[in-house]
Amino acid sequence: MKHIIVFAGSNSSTSINKQLAIYASELAEGVRTTVLDLNDFEMPIYSSDREQAQGFPKQAVDFINHLREADGFIISLAEHNGAYTAAFKNIFDWASRVEQKTFLNKPLLLMATSPGARGGASVLELAAERFPRHDAQIVGQFSLPSFYENFADGKITDATLNTQLLNKVKLFKDNL
């Protein structure tokens, strides 16, 4: 059975991106899913001085080990000021030092949502450009606009958007 890692690029306990990522993983029937919480990987802010003096934090190594054990990833990125959240960026910075090819050439369904009409479009664009440099095989992208209008009771309520996500999940699964 294929194994996927699912997480949101957010450390919020009420993350809408985590809700979306979990929903997408539920649509990927027949796979084993591990949901990661960024709060479990909290570590000092990355600096080359800190790395040289102390090496890699255990949390960074643990994070990469989770990625190594998976066959693919579903990630939904929160957007803060048009970019990654500080929590995700710090983990990404450390993880990329442990393993430069952070995503290990594995399939990735890349998503974002936000309360606004753009649905995290800026962070999605940023990640789509950056992640392949870290060996991400982005097989699909999905943006859910206006989260609170289009998501309720753990699922997407807009039929058209839901069908779009179903198609992206199928493409993701076909590439596992």
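Residues are listed down the side, and each one gets a yes or a no for (1) under 28 Å from Val139 (Cβ atoms); (2) of a type in the set (Ser, Thr, Tyr); (3) in contact with a Ser or Thr (Cβ under 9 Å, 6 or more places away or on another chain):
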| residue | (1), (2), (3) |
| --- | --- |
| Ala21 | yes, no, yes |
| Ala24 | yes, no, yes |
| Pro44 | no, no, no |
| Asp49 | no, no, no |
| Gln52 | no, no, no |
| Val61 | yes, no, no |
| Arg68 | yes, no, no |
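Asp153 falls short of the stated requirement of being among the acidic types (Asp, Glu), modelled with pLDDT of 95 or more and either surrounded by 14 or more Cβ atoms within 10 Å (Cβ to Cβ) or within 12 Å of the chain's Cα centre (by Cα) (or both). Scanning the stretch 20-52 for residues that are surrounded by fewer than 17 Cβ atoms within 10 Å (Cβ to Cβ) and closer than 21 Å to Leu124 by Cα yields Val35, Asp37. Counting only residues that are within 18 Å of Gln19 (Cβ to Cβ) and either exposed (fewer than 15 other Cβ atoms within 10 Å of the Cβ) or among the small types (Gly, Ala, Ser) (or both), the stretch 54-98 holds 3 of them.
Being of a type in the set (A, V, I, L, M) and touching a Leu at 6+ places or on another chain (Cβ under 7 Å), is that true of even one residue in the stretch 79-90?
Step one: list which residues in the stretch 79-90 are of a type in the set (A, V, I, L, M), which gives 83, 86-87.
Now drop any that are not touching a Leu at 6+ places or on another chain (Cβ under 7 Å), which leaves 83, 87.
Yes, the stretch 79-90 contains a residue that is of a type in the set (A, V, I, L, M) and touching a Leu at 6+ places or on another chain (Cβ under 7 Å).
The values are calculated or read from the model by the stated rules, or taken from the named source; none is laboratory data. A quick note: this is a predicted structure, and the numbers were derived from the prediction, not measured. Backbone-built Cβ (ideal geometry, glycine too); neighbour counts: all protein chains shown.
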